[in-house]
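In what follows, a structure is listed as structure tokens, so that the remarks can point back to it.
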Amino acid sequence: MVFFGDLGDEAVNLISYFESIDGVAKLEENYNPATWTLEVIGAGVGNDNGDTTDFVKVFKSSVQARQLEAKLDREGVTRPSPTVPALVFGQKRAAGNLIQAKLLIKRFFDLYWRTASYNLTRFLISIMLGLVFGIAYVGAEYSSYQGINSGLGMVFMTQSYMTFIVFSSVVPISIQERASFYRERSAQTYNAFWYFVGATLVEVPYCFVESLLFMAIYYPMVGFTGGAQFLAYWLNLTGLVVLQAYFGQLLAYLAPNLEVASVFVIIVNYVWITFTGFNPPVASIPQGYRWLYHLTPHKYTFASLIAIVLGDCPSGGDRSELGCQQMTGAPPHTGKQHHGSRVPRGDFLGETRRDLVKLRRRHAVDCLLTSHISSGVAIYQPPEEIEMAIGSKDQDQQK
């Protein structure tokens with residue numbers, strides 16, 4: 001020990017003590033006292049006096065050391081005293097819940113603000129993804145069967161890439177903070193609940209910004225329109241990105257090290273992408289694995305995004321939305337092939353005709369929906385064309 005005591009205002013007591021020792025250079029103006037102290041005792045970059053002066057011996061013979069020994073020798077400090085009551089803590093932790101929450105949330109926001117390697121990297125990757133997919137799908141059409149399938153693949157790929165970015169990048173920073181968490185928890189510095197509250201809340205604004213940077217470039221370039229649709233698409237995509245960040249944190253806290261967590265990230269992400277329901281489509285997933293499809297969060301976001309941009313046709317609009325366009329080039333399907341139902345082919349045609357008559361009588365809708373096998377996207381076709389298609393199929397069957 002080379003010094004112990006009150007540092008004083010702007011470390012004036014510390015500076016005065018070391019400057020009083022022979023051979024110690026004076027502190028230069030505007031120089032950091034902590035750096036100067038380390039250099040003086042030989043623990044810093046420069047070894048000014050560390051090899052020539054025994055600062056431990058000097059401190060033991062100083063007034064500060066004698067004052068310290070006198071304080072430690074009092075009854076009730078290092079020796080038990082019958083007059084001093086036992087030390088009793090009124091609560092488990094020194095700070096209340098409100099202070100713990102405030103300081104931990106501030107700590108994580110400061111940490112993320114200073115960690116440019118984490119946040120700026122995913123922001124730049126989001127911008128690059130928006131440009132890549134935007135350029136690739138400039139001028140794309142979504143009225144034909146092939147164009148709709150291409151649009152489904154685009155939404156599927158962008159959703160997968162955006163979520164994988166945060167899923168894989170949040171693991172290292174979470175594991176890095178785990179060492180300090182164990183140390184502070186063992187000292188009962190704070191409640192673990194408020195630690196996890198801070199760790200989760202800090203991800204929300206960064207995930208919103210990340211997806212917004214992507215959406216601002218990608219959404220208009222690929223031909224999607226509508227301000228309300230943009231907002232709904234952005235919120236749904238951000239929700240999945242936040243969920244992926246939280247799941248990545250969960251894997252980081254459960255895994256013993258970074259390597260094991262990274263392996264589980266790849267496995268879980270592969271399973272979720274596989275069972276989203278796009279490729280393979282839902283009807284092609286074996287019945288024994290269908291439960292994975294229902295547990296996959298990507299499934300619900302994918303269906304929502306597709307419905308927002310390709311399946312929404314407001315009744316009071318001008319029918320210029322993508323969801324109101326007539327689908328062309330659709331291949332012929334029987335009911336079982338198209339919907340996965342068990343209705344026989346002949347009955348399917350009859351049921352379709354009867355349903356069409358009921359729709360017209362009730363004036364409930366002015367068009368009929370045909371749904372895509374993999375996503376449940378609704379594309380409008382006029383009933384006249386469906387009647388013509390049904391009639392041609394009847395003639396083919398009679399022949």
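Computed quantities for the displayed model
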read-out: Residue tally, condition closer than 22 Å to Ala101 by Cβ, of a type in the set (Ser, Thr, Tyr) and within 11 Å of the chain's Cα centre (by Cα), over the range 167-217; value: 2
read-out: Set Leu111, Leu27, Leu104: member being touching a Pro at 6+ places or on another chain (Cβ under 8 Å), surrounded by 15 or more Cβ atoms within 10 Å (Cβ to Cβ) and modelled with pLDDT of 85 or more; value: Leu27
read-out: All positions within the range 218-238 that are over 23 Å from the mean Cα position of the chain (by Cα) and among the aromatic types (Phe, Trp, Tyr); value: Phe224
read-out: Matching entry among Tyr190, Tyr233, Tyr142 (being of a type outside the set (Gly, Ala, Ser) and in a helix (DSSP H, G or I)); value: Tyr233
read-out: Only one of Ala65, Ala70, Ala94, Ala86 that is closer than 26 Å to Phe4 by Cα and not in a helix (DSSP H, G or I); value: Ala94
read-out: Residues satisfying the stated conditions in the range 69-106, i.e. among the β-branched types (Val, Ile, Thr) and either more than 30 Å from Ile173 (Cβ to Cβ) or more than 45 Å from the chain's Cα centre (by Cα) (or both); value: Val77, Thr78, Thr83, Val84, Val88
read-out: Residue match in the range 168-190 (condition: in contact with a helix residue (DSSP H, G or I) (Cβ under 6 Å, 6 or more places away or on another chain) and more than 30 Å from Ala95 (Cβ to Cβ)); value: yes
read-out: Residue ranges of helices (runs of 4 or more DSSP H) in the range 253-323 with at least 3 members touching an Asp or Glu at 6+ places or on another chain (Cβ under 7 Å), farther than 23 Å from Leu235 by Cβ and not β-branched (Val, Ile, Thr); value: none
read-out: Counted residues, the range 250-269 - those being closer than 28 Å to Met215 by Cα and surrounded by fewer than 20 Cβ atoms within 10 Å (Cβ to Cβ); value: 6
read-out: Positions within the range 107-125 being outside any loop (DSSP other than H, G, I, E, B), without any contact (Cβ under 8 Å) to a residue 60 or more places away in the chain and under 22 Å from Ile175 (Cβ atoms), in sequence order; value: Asp110, Trp113, Arg114, Ala116, Ser117, Tyr118, Leu120, Thr121, Ile125
read-out: Condition met for Tyr218 (crowded, with 20+ Cβ neighbours inside 10 Å and aromatic (Phe, Trp, Tyr)); value: yes
read-out: Selected residue [out of contact with any Leu (no Cβ under 9 Å at 6 or more places or on another chain), assigned by TED's automatic domain parsing to the domain that holds Leu250 and among the aromatic types (Phe, Trp, Tyr)] from Tyr300, Tyr270; value: Tyr270
read-out: Single unsatisfied condition, Ile148 versus (1) within 27 Å of the chain's Cα centre (by Cα); (2) surrounded by 14 or more Cβ atoms within 10 Å (Cβ to Cβ); value: (1)
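The values are calculated or read from the model by the stated rules, or taken from the named source; none is laboratory data. The model shown is predicted, which means the values in this text are computed figures rather than measured ones. Note that each Cβ is placed from the backbone with ideal geometry, even for glycine, and that neighbours are counted across all protein chains shown.
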